Amino acid sequence: MKHLAIFTLLLLLQSACTNQNPSIVNTAKADKQTIEASSIPPITLVIHGGAGTILKENMSPELEEAYTSKLTEALNVGFAILEKGGSSMDAVQKTIHILEDSPLFNAGKGAVFTNDGHNELDASIMDGKTLHAGAVAGVKTVKNPIDAARKVMENSPHVMMAGQGADIFAKEQGLELVDSSYFFTQKRWDALQKALKNEQMELDHDDPNNKDKKKGTVGAVALDKNGNLAAGTSTGGMTNKRWGRVGDSPIIGAGTYANNETCAVSSTGHGEFFIRYVVAYDIAALMEYGGKSLEEAADYVVNQKLKEQGGRGGVIALDAQGNYVMPFNTEGMFRGVVQEGKEVEVLIYR
Ligand code: ASP
């Protein structure tokens, strides 16, 4: 009897030593992560910097390095917040803030131009614990639209504010406003001239043969120490969009969604499709009502539903267990992840 007890103890000890973290199964590099429901959810931050015709042969090593280091910086900033016990909302906001300040991405500083040569910015943020959300659309002077989205959520009775009213609200809230010239970048201006010549809205998503088409909408989803999810998205929209056009990024349920019961999602792609297919919420609904896993739900929406209709783009999605996926149906998507106990990973191509 005594021997049996010792033997059992030894067996238990051995399995604890040889299999230190049995609940985490890294299924395929960084593009997805499968975690058993029984384990303590690891704090996690997943980001994207836009999807589109992003091909290695069209990218210089310098540009690739610039994207990789900016995405890494953003992940480090956001993850430091989570590591200190900060909220997923703060992590999402501060991460997006970094990307908005970089001219590399189509958000904040690097925003694309409308048909009439202006920049109109959209952003949204959602708290998966409370289902509170905030968004701004078509703002022209707010340096960091994600901050304005959060202010709408926290300091107004509304969910979305648009146009001049949103710019004025941001000013009243003490946010930094800039002259519209701040948003000028030669690269985005040239892209507008090209699009005007071809009389097309945003060649980026719709013409895979167009060599220099890259996206740059930014988004983040996070899971904090308390098990709360959050999601946020920020964009300049689509090159050559008609002024006043609003895409999916500021629309809760299309570009952004977070609910602790299901998942946090941030989208990037041809916004008109993402609005009509209510992409972010559809993924959550497939989990909630359809019993699908995060991976099944996101894959179905991006690689079947959207793809069959010609809706180009992708999403990042994260559930409350720490499972994440980053499916896209374009040639590439700037994306990255950092999870407790693991290294930062940044990916660009398929
Ligand atoms: N979804 C954004 C929009 O349609 C653009 C993008 O993600 O590239 O405004």
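What the table shows:
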read-out	value
Selection count where residues are within 14 Å of the ligand (Cβ to nearest atom) and either closer than 30 Å to GLN193 by Cβ or more than 14 Å from the chain's Cα centre (by Cα) (or both), scope region 236-287	31
Any hit, region 73-93, residues being more than 18 Å from the chain's Cα centre (by Cα), part of a strand (DSSP E or B) and in contact (Cβ under 8 Å) with a residue 60 or more places away in the chain	no
Test: residue in region 115-122 that is crowded, with 20+ Cβ neighbours inside 10 Å, within 24 Å of GLN193 (Cα to Cα), charged (D, E, K, R) and at pLDDT 95 or above	yes
Filter result for ALA317 (assigned to a helix (DSSP H, G or I), crowded, with 18+ Cβ neighbours inside 10 Å and out of contact with any Phe, Trp or Tyr (no Cβ under 6 Å at 6 or more places or on another chain))	no
Residue count, region 99-135 (criterion: within 22 Å of SER180 (Cβ to Cβ) and within 15 Å of the chain's Cα centre (by Cα))	10
Tabulated pairs, region 266-277, first in contact (Cβ under 8 Å) with a residue 40 or more places away in the chain and of a type outside the set (A, V, I, L, M), second in a helix (DSSP H, G or I) and near the ligand (Cβ under 8 Å from one of its atoms), C-beta under 9 angstrom, 6+ apart or interchain	SER267/PHE274; THR268/PHE274; GLY269/HIS205; HIS270/ASP204; HIS270/HIS205; PHE273/HIS205
Complete set of residues in region 322-341 that are at pLDDT below 95 and closer than 24 Å to MET287 by Cβ	none
Contacts under 6 angstrom Cβ, first residue in region 178-191 being of a type outside the set (Val, Ile, Thr), partner surrounded by 15 or more Cβ atoms within 10 Å (Cβ to Cβ), 6 or more apart	SER180/LYS140; PHE183/ALA111; PHE183/ASN119; ARG188/VAL112; ARG188/PHE113; ALA191/THR239
Failed item, numbered, when ALA135 is tested on (1) in contact with a Ser or Thr (Cβ under 9 Å, 6 or more places away or on another chain); (2) assigned to a loop (DSSP other than H, G, I, E, B)	(2)
Subset of region 100-125 [closer than 20 Å to SER267 by Cβ and not in a loop (DSSP other than H, G, I, E, B)]	GLU100, GLY108, GLY110, LEU121, ASP122, ALA123, SER124, ILE125
Subset of region 136-157 (residues that are hydrophobic (A, V, I, L, M, F, W, C), surrounded by 24 or more Cβ atoms within 10 Å (Cβ to Cβ) and under 19 Å from the mean Cα position of the chain (by Cα))	VAL136, ALA137, ILE146, ALA148, ALA149
Some residue of region 293-306 being surrounded by fewer than 18 Cβ atoms within 10 Å (Cβ to Cβ) and closer than 16 Å to ALA264 by Cβ	yes
Residue in region 54-91 that is nearest to the ligand (Cβ to nearest atom), counting only those that are β-branched (Val, Ile, Thr) and in contact with a helix residue (DSSP H, G or I) (Cβ under 7 Å, 6 or more places away or on another chain)	VAL77
Scope region 241-256; condition crowded, with 24+ Cβ neighbours inside 10 Å, part of a loop (DSSP other than H, G, I, E, B) and in contact (Cβ under 8 Å) with a residue 60 or more places away in the chain; matching residues	GLY247, SER249, PRO250, ILE251, GLY255
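The values are calculated or read from the model by the stated rules, or taken from the named source; none is laboratory data. This is a predicted model, so every value here is computed, not measured. As a convention, Cβ positions derive from the backbone with ideal geometry for all residues, glycine included, and neighbour counts pool all protein chains shown.
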